[in-house]
Amino acid sequence: IEKLSPNSRITTRRRLHDYSQLHMVEAYQRLLPNYKIKLLHKDLIIKAHVDKTILKQKMIMIVDYSGSMNTKEKQEWVLALLMDRLKYVLKGEGELFFSYFTYVPSSLHFTHIHDREPVFNFWKTYKTTPNANGTDVGRIVKYIGEEIKMGKFHNLDVNLSSDKPELLVVNDGQDSIKTSAFTYKTNAVTLMQDNEELKELCKANHGRYVHISRDDKVHYE
């Protein structure tokens, strides 16, 4: 976000918005043969002093912790997806809310990863040996959506009701989703096994669906 700030050292070039900004028009433009026409249409470029604020993208990522996820190939993909998300945290462009999930909301425990130190602390304790019995994606998505709507977020003292970060579900596509519709915008990545039910639910809720096949090909929907 850029806001005009006369005392700032940061400058940017932008189109004239108001005639009160005429003093910001660079001198060479006044010598243009069509200057008066450009002035009439506010078609001049000004050099404005601004303050810049960078807004971080907030992301929620939940990963299937059922026993069927306990294979080398699936865990390698999970780690690759996690590293991609954490890259934006390290660059100062994002915040990640991460949790494993199974079939009940009590299986969730979110970690808020917002800068460099939490990234490395999280990486030291990440587990690659899931062993739960199954998943209920529909129930988990509904619960997360309700928590955000009420201004709370499970075990974390944060209010995401104004941000409404998108949710990314990572699973192996083996379980039924157990819902007729998602009530919160959800994207999904399935590993090794395609899941038509999950695909249609994501698309119906304006989310994205990605399937990674056994031959490591990535299919976007």
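Looking at (i) 23.8, 76; (ii) 20.5, 67; (iii) 17.6, 57, which value of Rg and Dmax of the Cα atoms in Å comes from a calculation on the structure shown?
Step by step, Rg and Dmax of the Cα atoms in Å for this structure corresponds to label (i).
Add +1 for every Lys or Arg and -1 for every Asp or Glu among the other residues with Cβ under 11 Å from the Cβ of ARG13, and state the total. Working shown, then result.
On the way: positive: ARG14, ARG15, LYS47; negative: GLU26.
Net charge in that neighbourhood comes out at +2.
Using a Förster distance of 41 Å, how high is the FRET efficiency between HIS23 and LYS185, based on the Cβ-Cβ distance and rounded to 0.05? Don't skip to the end; give the middle numbers.
Values: r = 45 Å, r/R0 = 1.11.
Computed FRET efficiency for HIS23 and LYS185: 0.35.
From the phi of every residue in the range 192-197, what ³J(HN,Hα) in whole Hz does the Karplus formula 6.51 cos²θ - 1.76 cosθ + 1.60 yield, where θ is phi - 60° and glycine or proline is x?
My calculation for the range 192-197 gives 6, 10, 6, 9, 4, 4 Hz in order.
Give the whole-number value, in cubic angstrom per residue, of the convex hull volume spanned by the C-alpha atoms of the range 1-67.
Details: hull volume 10.1 nm³, N = 67.
Enclosed volume per residue, from the Cα hull, is 151 Å³.
Residue separation times 0.36 nm, minus the C-alpha to C-alpha distance between ASP216 and ASN131: what's the value? Please report the intermediate quantities before stating the final value.
Working: separation 85, 0.36 × 85 = 30.60 nm, distance 2.35 nm.
Length gained between ASP216 and ASN131: 28.2 nm.
Considering the options ALA48, ASN70, LEU86, tell which one lies farthest towards the positive end of the dipole of the range 48-116, charges being +1 on Lys and Arg and -1 on Asp and Glu at the Cβ, about the Cα centre.
Among ALA48, ASN70, LEU86, the one farthest towards the positive end of the dipole of the range 48-116 is ALA48.
Which of the aspartates and glutamates could be linked to LYS199 by a straight reach, that is with a Cα gap under 17 Å, when you skip same-chain ones fewer than 8 residues away?
ASP64, ASP136, GLU166, ASP172, ASP175, GLU221
Between THR11 and LYS178, how many nm apart are label points set 7 Å from Cα along the C-beta direction?
That separation, rounded to one decimal, is 6.2 nm.
Considering the range 84-162, what Rg and Dmax in Å follow from its alpha-carbon atoms?
Considering the range 84-162 through its Cα atoms, Rg and Dmax are 13.6, 37 Å.
If contacts are Cα pairs under 8 angstrom and at least 6 residues apart, what is the relative contact order of the range 68-144 in percent? Could the numbers behind the result be given before it?
On the way: 80 pairs, mean separation 24.8, N = 77.
RCO, the range 68-144: 32 percent.
Figure the gain on full extension for ARG116 and ASP51 (residue separation times 0.36 nm, minus the Cα-Cα span) and round it to one decimal in nm. Could the numbers behind the result be given before it?
On the way: separation 65, 0.36 × 65 = 23.40 nm, distance 2.47 nm.
Taking ARG116 through ASP51 to full extension adds about 20.9 nm, to one decimal.
For GLU200 and SER161 in the same chain, what is the full-extension length gain: residue separation times 0.36 nm, less their Cα-Cα distance, in nm? Spell out each step's value before the answer.
Numbers: separation 39, 0.36 × 39 = 14.04 nm, distance 2.58 nm.
Computed gain between GLU200 and SER161 is 11.5 nm.
Determine the dipole magnitude for the chain: charges of +1 sit on the beta-carbon of Lys and Arg, -1 on that of Asp and Glu, nothing else is charged, the reference point is the Cα centre, and the result goes in debye to the nearest 20. Provide the component values of the computation, followed by the final result.
Working: 33 positive and 28 negative charges, 261 e Å.
So the magnitude is around 1260 debye.
Go through TYR100, SER5, MET24 and say which Cα lies farthest out towards the positive end of the charge dipole of the range 1-137; charges sit on Cβ, +1 for Lys and Arg, -1 for Asp and Glu.
Checked the options; the winner is MET24.
Strictly over 32 Å apart at the Cα level, which of LYS91/LYS178; LYS124/LYS152; LYS149/LYS217; LYS38/LYS164; LYS3/LYS91; LYS91/LYS203 would you flag in this model?
Values: LYS91/LYS178 37 Å; LYS124/LYS152 27 Å; LYS149/LYS217 36 Å; LYS38/LYS164 42 Å; LYS3/LYS91 23 Å; LYS91/LYS203 30 Å.
Too far apart for the 32 Å limit: LYS91/LYS178; LYS149/LYS217; LYS38/LYS164.
Just going by the charge dipole of the range 174-221, with Lys and Arg at +1 and Asp and Glu at -1 on Cβ, which of THR186, SER213, GLN174 is farthest out on the positive end?
The residue sitting most towards the positive pole is THR186.
Arrange the residues THR135, THR128, THR53 by how much accessible surface each exposes, largest first, with a 1.4 angstrom probe. Write down the numbers at each step before the final one.
Details: THR135 5, THR128 55, THR53 80 Å².
From most exposed to least exposed: THR53, THR128, THR135.
Near the amide H of LYS58, under 5 Å away, which other amide H atoms are found, from residues 5 or more places off or on another chain, if H is placed in the peptide plane?
GLU95
Over the range 63-217, what relative contact order in percent results from Cα pairs under 8 Å that are six or more residues apart? Could you put the intermediate results ahead of the total?
Working: 275 pairs, mean separation 31.3, N = 155.
The normalised contact order for the range 63-217 reaches 20 percent.
What's the center-to-center distance, using Cα atoms, between the range 196-210 and the range 73-95 in Å?
Between the Cα centre of the range 196-210 and that of the range 73-95, the gap is 22 Å.
The values are calculated or read from the model by the stated rules, or taken from the named source; none is laboratory data. Quick caveat: nothing in here was measured; it's all calculated off a predicted structure. With ideal geometry, Cβ positions are generated from the backbone for all residues, glycine too; neighbour counts draw on all protein chains shown. Remember, those area values only see protein heavy atoms, side chains included, never the ligands or the DNA or RNA. Shrake-Rupley method; radii C 1.70, N 1.55, O 1.52, S 1.80 Å.
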